[in-house]
1. Can you confirm whether Gly165 is in a loop (DSSP other than H, G, I, E, B), small (Gly, Ala, Ser) and under 22 Å from Arg113 (Cβ atoms)?
2. Could you say which residue among Leu52, Leu108, Leu99 is among the aliphatic types (A, V, I, L, M), modelled with pLDDT of 90 or more and not assigned by TED's automatic domain parsing to the domain that holds Gly177?
3. Can you work out which of the residues in region 168-202 that are among the basic types (Lys, Arg) and outside any helix (DSSP H, G or I) is modelled with the lowest pLDDT?
Amino acid sequence: MTAIKTLRTLAVVLAVATLGACAQKGVIVLMPDDDGTVGRAVVTNQGGSVVLDQAREATELTTASAAPQAPKVLDEGSVDKDFKDALAALPVKPYSFVLHFKSGTTALTDESRKRLPEILATVERWVLPDVAVVGHSDRSGSSKWNYTLSLRRAQRVRDLIVEIGVPPDFIEVTSHGENNPVVPTADGVAEPRNRRVEVTVR
């Protein structure tokens with residue numbers, strides 16, 4: 001019986017064997033996250049355990065009673081070749097877009113409007129996408145008004161991405177109002193970076 005314990009949530013583990021409860025033989029490699037962050041994993045069987053904590057560090061299991069072999073770092077080309085199928089099976093990472101608005105309106109800035117086709121292209125990478133559209137505001141108005149304006153902005157973005165081909169059934173719209181600012185400010189301060197809608201595709 002082989003166990004793999006990931007000690008950080010970003011740990012990505014690939015294997016050339018089926019690593020269920022009965023797995024006894026195979027090669028296990030620890031992969032870095034997309035941003036280069038490396039987690040930590042402990043591979044354990046009846047014979048002992050090893051820790052993987054470097055990018056592309058691997059251990060080999062030969063039998064259930066023999067301890068996992070001493071870890072070694074594999075080169076990127078070997079991992080791409082030997083773990084091609086496992087890499088292809090990894091889920092697509094969530095992707096976020098931040099769209100900004102003209103002050104006091106539901107009109108996107110010109111730069112943000114140009115990003116809409118990018119959102120559609122990202123949605124099309126998923127078989128069953130989940131699209132979260134969350135409105136945010138600055139603190140230049142009352143909290144009630146900011147909640148309402150943020151919701152209207154999120155609904156406007158929803159309508160715009162539906163117009164270009166994103167299926168409406170996959171979209172969830174919410175508002176955070178003036179909560180969760182990118183740049184904390186005093187009440188009544190207009191801050192363009194807080195006046196936004198975040199679109200997350202997963």
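1. Judged against the criteria, Gly165 is a match.
2. Residue meeting the stated conditions: Leu52.
3. Step by step, filter region 168-202, then rank; the result is Arg202.
The values are calculated or read from the model by the stated rules, or taken from the named source; none is laboratory data. Please read these numbers as outputs of a predicted model, since none were measured by experiment. Note: ideal-geometry Cβ built from the backbone for every residue, glycine included; neighbour counts use all protein chains shown.
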